[in-house]
């Protein structure tokens with residue numbers, strides 16, 4: 001069985017979705033950079049070990065990343081799963097987990113990298129928005145894309161209503177991406193993800209219109 005460590009910063013809704021999916025995945029620890037993160041309670045309720053590596057206790061990103069890596073490596077995970085972890089890593093940290101760390105981002109990458117994606121999507125007047133699961137690389141939010149989900153943007157949408165619609169899709173595609181990963185259905189060729197399962201039976205795009 002493949003193993004993973006999940007990194008969170010807040011409520012842990014994607015962590016909950018992953019646990020609810022009952023994947024063939026041994027989650028060995030949930031780590032937060034914020035001691036008040038509600039997602040730690042979700043891990044505790046599932047009897048998963050938790051750790052806090054508080055970024056405020058370190059003088060800079062390098063020292064924090066070193067402490068975080070030391071904590072992760074105690075559990076020798078196959079994969080590092082970012083589920084709402086709100087920190088930007090140093091290149092050294094990312095390369096230490098090359099092709100082993102994945103993230104879910106609330107936009108259809110490469111559009112709207114970084115923060116405030118829903119507000120920016122509304123300001124840009126896009127008609128389609130969504131979320132992306134991707135491998136993490138040193139350049140922010142440009143790693144190989146595993147799966148995306150699209151949602152319509154309505155004329156009366158607010159940032160909150162759009163965020164909720166996207167979040168519902170996040171909870172569907174993150175477990176799907178992890179399932180492909182742990183069952184060796186993914187390979188990276190020329191900085192692009194390829195599915196070993198035929199595309200017809202493993203769609204790379206999910207949307208509410210399907």
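Details
- Label-point separation, residue 139 to residue 119 (7 Å along Cα→Cβ), nm: 2.6 nm
- Stretching residue 2 away from residue 126 to a fully extended chain increases their span by 40.8 nm, per 0.36 nm per residue minus the current alpha-carbon distance.
- Computing FRET efficiency as 1/(1 + (r/R0)^6) for residue 172 and residue 60, where r is the C-beta to C-beta distance and R0 is 35 Å, gives about 0.40.
- Rounded if a/c under 1.5, otherwise prolate or oblate - segment 104-210, Cα gyration tensor axes: prolate
- Taking other Cβ atoms within 10 Å as a rough exposure proxy, 71, 132, 20 sort from fewest to most as 20, 71, 132.
- Degrees, to the nearest 10: 61-73 long Cα axis against longest axis of the chain: 80 degrees
- Cβ crowding within 10 Å ranks 1, 101 as 1, 101, fewest other Cβ atoms first.
- Helix axis angle, 159-182 relative to the chain longest principal axis, alpha carbon, degrees: 60 degrees
- Residue 21 paired with residue 51, simple spin-label distance in nm, labels 7 Å along Cα-to-beta-carbon: 2.4 nm
- Computed from the C-beta positions of residue 164 and residue 74, the FRET efficiency with R₀ = 41 Å rounds to 0.70.
- Extended-chain gain in nm, criterion 0.36 nm per residue less alpha-carbon gap, residue 191 and residue 156: 8.8 nm
- Of all DSSP beta bridges in the chain, antiparallel share, percent nearest 5: 45 percent
Each reported figure results from applying straightforward, stated rules to the coordinates on display, with no laboratory input. What you see is a predicted model, and the numbers here were worked out from it, not measured in a lab. Virtual Cβ from ideal backbone geometry, glycine too; neighbours counted across all protein chains shown.
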